[in-house]
Structures are given as C-alpha cells and as structure tokens.
Amino acid sequence: MTVASTAADHVRDPERLAALHRTALLDSPADVAFDRLTRLATRILDVPVALVSLVDEERQFFKSCLGLPEPWASARETPLSHSFCQHAVASGQPLVIEDARLHPLVRDNLAIPDLGVVAYAGIPLVTADGYVLGSFCVIDHQPRAWTDWELAVLTDLAASAMTAIERQAAVREAEAAVRARDEFLLSASHDLKTPLATIKGQAQLLRRRASRAANDDVARLVHGIGVIEANAARMAVLIDELLDIARLEIGQEPELRREPADLVALARECAAEHGEKSPRHEVRVEAAVEEVVAPVNRSRVERVLANLLANAVKYSPDGGEVLVTVDRVSDGEAGGWAVLAVRDRGIGIPAADLPRIFEPFFRATNAPTPAGGSGIGLAGAKRIVEQHGGTIAIESREGEGSVFTVRLPLVPRVAAG
Ligand code: ADP
C-alpha cells in the first residue's frame, strides 16, 4: 500500500508533470529522430517491440512505438493499467524483467495479456535537472535474461533519445525568444511612433500659428510646447531603455555615476508630473521624513519611479488614487535604506505571473493589449535598482492592485551578484 502510493506520487509529482508538458512532446506526431532509435533497438537487441514512452498522470504516450499490436500502434498510447514504464518513472531506475508473469510488481499488469509483454527492459528518460519523463524500453514476447551488454546498448539509446528531446526543447525555446524579440521590436517601434506623431503634429500647428502670430495665441503656444516637451521626454526614456538593453546585449553594463539626491523631492516632482498627465488619477506622496538623501544616479532612479508611476496609472483604467510613500529604515552597520513604494488600486497581476514580472519583454496575462506596452520597463527598473545595490519587490492581487517597493542603500554599495 505505502510502496504503491509512493510510486504513484512520483508519477503524479506536479513538477515532473510540468517538466513533461514543457517538452511539448505529448500527443505530438511521430518523428523520424525517435523512430530511428527504436528501430536500432529492435535490430541490435533482436526484440519485437521498442518504445519511447512518456508517462503522464493517467497514460503512457509513445513518441515512438515499433512493433506494438493494434489498436495500440495507432492510438500511440495506453492507460497506466497497461504500463510497465510508470515503474521506471516512479523509481528513476532501470526496470529489468525476465518474466513479467512471475514478477511481483507487474504480474497483474494488463500489458501482459493485451500487449503480449513477457520480458521487459526500460531505462528512465531523465532531464538535465533530474525529472524522469518516461522510459526507453524494449519488450519480448517470451522470457529473456537481459545481458549487461544489451542493457548497456539500451542505456546508450535512451541517452540519445534524451539528447533529442532536450535539443528539440532548446530549439523551441530559441524560436520563442526570437518571436518575443520580434514582437517587442514591433511594439517598441509602435511606442516610439506615437509620441513622435504627436511631436510632429504639434510642431506643424505651432508653425502655422507662429506664422500669423497674434498675442492671444501665446498661451496656446506655451501649451503646445509643453506637449512637445513631455512627448520628447517620453521618447527619451524609451530610447534610453532600448539603448541599455542593446548595450547589455553586447555585454556592456551601463556605467553608474552617483550623486547625493533627495528622494522625497524626486518623488514629489515625478508624482506631480504624472498627476498632471492623468486628471482621472490622484497621485499623492506621503513622506515619513522631510528628506531622504541617497547616493544615486538621479536620472536613472527618476526613470525607475517614472516607470512605476506610469504603470500604476496605465494599469488602473478606472482612475483612483496612486500613492507614493518615501521612508528611511536603518539597518545597523549597513547604513540603512531609502524605501520608496508605489501603490495602486488597479487591475493587479495574476499570482501565476508574479515570478516572471521583472523578466524582459514579459507582460502579465491580464495586461490589456491595446494599452501599449513592451514589457521592458520593469526589467529596466530592476536592473537600475540592482546596479545601485538595492532591491525591488512586488506585492499584488489580481483585481485589487499592486505595490512596488524599491529599497536603495543610503551608503553606496556594489551591485549584488
Ligand atoms: P509594459 O510596457 O508592458 O507596461 P513593464 O515592464 O513596465 O512593461 O511591465 C511589465 C508587465 O507588468 C506589464 O505588461 C503589466 O502586465 C504588468 N504590470 C506592471 N505594473 C503593473 C501595475 N501597476 N498593475 C498591474 N500590472 C502591472
């Protein structure tokens, strides 16, 4: 009872199943790379059946199956009631059986009457990080004492099957990364074009107005120039982020020039700017102390804050309060921390997306697509904060809102890692 339930637990281990699903091999079409290996197994070991079997929680799926009778050959799967391979998965060890009809582990297994399994040898298919996906196995319809040489051949074939599985996974990941980059480039060029179009439009308008300059137009001119400035600043931030990414891509960490800056004043300036841009939001600053002076690169920390505020506004489509808090906490000898937090009551982030939220190009699954976003802001913010030797953390609940907390050292520290 205990042995059986432990074995079943191994087979049903959610992390193992996740690793299996990540291969995307379940229910995938037959593939000559795997069929060659099973064919080799049948020829070299002189067996009627060879399988690449992937075991999930209720069945074994055959990525390759040679010599199986119908209906199994066409179905390319059997329920676990017909699976010996599940035992190799459960133990993570080769399973070698001379006569299944006499073997206590499998003598009641339906593979014996239905698939004609008598002798069986299966080598677990184990990923580089230790998850057992299934097994590479051979079957005979009569009793057979497997030799060490035969098991060594089978082990090599299983290793080749595993290499093929991992190579295919690597290719798929690389393709996904290229796709993400293409999508990002599209979205980034879109993001760059929108403010540029506004700049152009405003410039044309101003030119026309200036050409018939009358005094009462001055206020409008000033407003127009303000719009130009704000959009140019937005573009500059985006371009800075793109440049940082491009520099990192070629292995250059952007250099950091620190100067003492009051983060309370910085937060007030940034908040005022974002509050003005979005009248539906009330952007407030609460500072526990009058000033928090920290050695930072002012324009980079400003970018972090601008990013967090822009997100707080963008992802609170119904408006509402965005609260920035600034505080100082002491930390014994280490010199203490400046703590900046940006809290919103917006759409929040689904729990499953939180671990990936600081990854470049990642957007949460609930992010509205037309909101315009590229997924580089938070990755850039994290990089800047860590460059200062600080940390950035998030707490969020979908539908309730988010709090991003940035801690920056009050005494210069070297970046972690
Ligand atoms: P983007 O340009 O997509 O806003 P970011 O890197 O700034 O890129 O943010 C990454 C993702 O994190 C966003 O696409 C969004 O899904 C999520 N996100 C960031 N901030 C918030 C927030 N305050 N509320 C809800 N979701 C957020």
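For the reader, a short list of remarks on this structure follows.
- The angle between the Cα long axis of helix 263-277 and the longest principal axis of the Cα atoms of the chain comes to about 90 degrees, rounded to the nearest 10.
- Prolate/oblate/rounded call for the range 68-218, Cα gyration tensor, a/c under 1.5 rounded: prolate
- In order along the range 30-45, the phi-based Karplus estimate (6.51 cos²θ - 1.76 cosθ + 1.60, θ = phi - 60°) of 3J(HN,Hα) comes to 4, 9, 4, 4, 7, 4, 4, 5, 5, 5, 4, 4, 5, 6, 5, 9 Hz; Gly and Pro are listed as x.
- Looking at the range 57-128, the trypsin sites (Lys or Arg not before Pro) that sit in a DSSP loop and have at most 14 other Cβ atoms within 10 Å of their own Cβ are Arg107.
- Here's how it looks for Val322: its modeled amide H is under 5 Å from those of Glu282, Val283, Arg284, which are all 5 or more places away or on a different chain.
- Residue-span extension gain [Ala24 to Leu192] - 0.36 nm each, minus C-alpha spacing: 56.9 nm
- Ordering 143-149, 77-83, 228-234, 52-58 by mean Cβ neighbour count within 10 Å, with the highest value first, yields 52-58, 77-83, 228-234, 143-149.
- Per residue, the convex hull spanned by the alpha carbons of the range 107-159 comes to 93 Å³.
- Most tightly packed first, judged by the mean number of other beta-carbon atoms within 10 Å of their residues, the peptides 395-404, 168-177 read 395-404, 168-177.
- Peptides 257-263, 339-345, 87-93 ranked from most to least packed give 339-345, 87-93, 257-263, packing being the mean of other C-beta atoms within 10 angstrom over each peptide's residues.
- The chain: angle of helix 218-249 to the longest principal axis, Cα-based, in degrees nearest 10: 30
- Reachable lysines from Lys200, criterion Cα separation under 27 angstrom, eight or more residues apart if same chain: Lys277, Lys314
- Computed from backbone phi, the HN-Hα couplings of the range 145-159 come to 8, 6, 8, 4, 4, 4, 5, 5, 4, 4, 5, 5, 5, 5, 5 Hz, rounded to whole numbers (Karplus: 6.51 cos²θ - 1.76 cosθ + 1.60, θ = phi - 60°; Gly and Pro given as x).
- Of Ala310, Ala351, Asn366, farthest towards positive along the dipole that unit charges on Lys, Arg, Asp, Glu beta carbons give the range 310-417: Ala310
- Cα extents for the range 3-146 along the principal axes, largest to smallest and rounded to whole angstrom: 37, 37, 27.
- Percent of Cα pairs exceeding the 27 Å cut-off, where the set is the chain: 64
- Sorted by Cβ neighbour density within 10 Å, fewest at the top, the residues Ser299, Ser278: Ser299, Ser278
- The simple spin-label model puts a point 7 Å past each Cα toward its Cβ; for Arg258 and Ala152 those points are separated by 6.1 nm.
- ³J(HN,Hα) computed for each position of the range 352-366 - Karplus, 6.51 cos²θ - 1.76 cosθ + 1.60, integer Hz, glycine/proline x: 5, 8, 4, x, 9, 5, 9, 6, x, 6, 7, 10, 5, 5, 9
Readers should treat all values here as calculations from the given coordinates under stated rules, not as data from a laboratory. Since the structure is predicted, the reported quantities are computational estimates derived from the model, not experimental observations. As a convention, Cβ positions derive from the backbone with ideal geometry for all residues, glycine included, and neighbour counts pool all protein chains shown.
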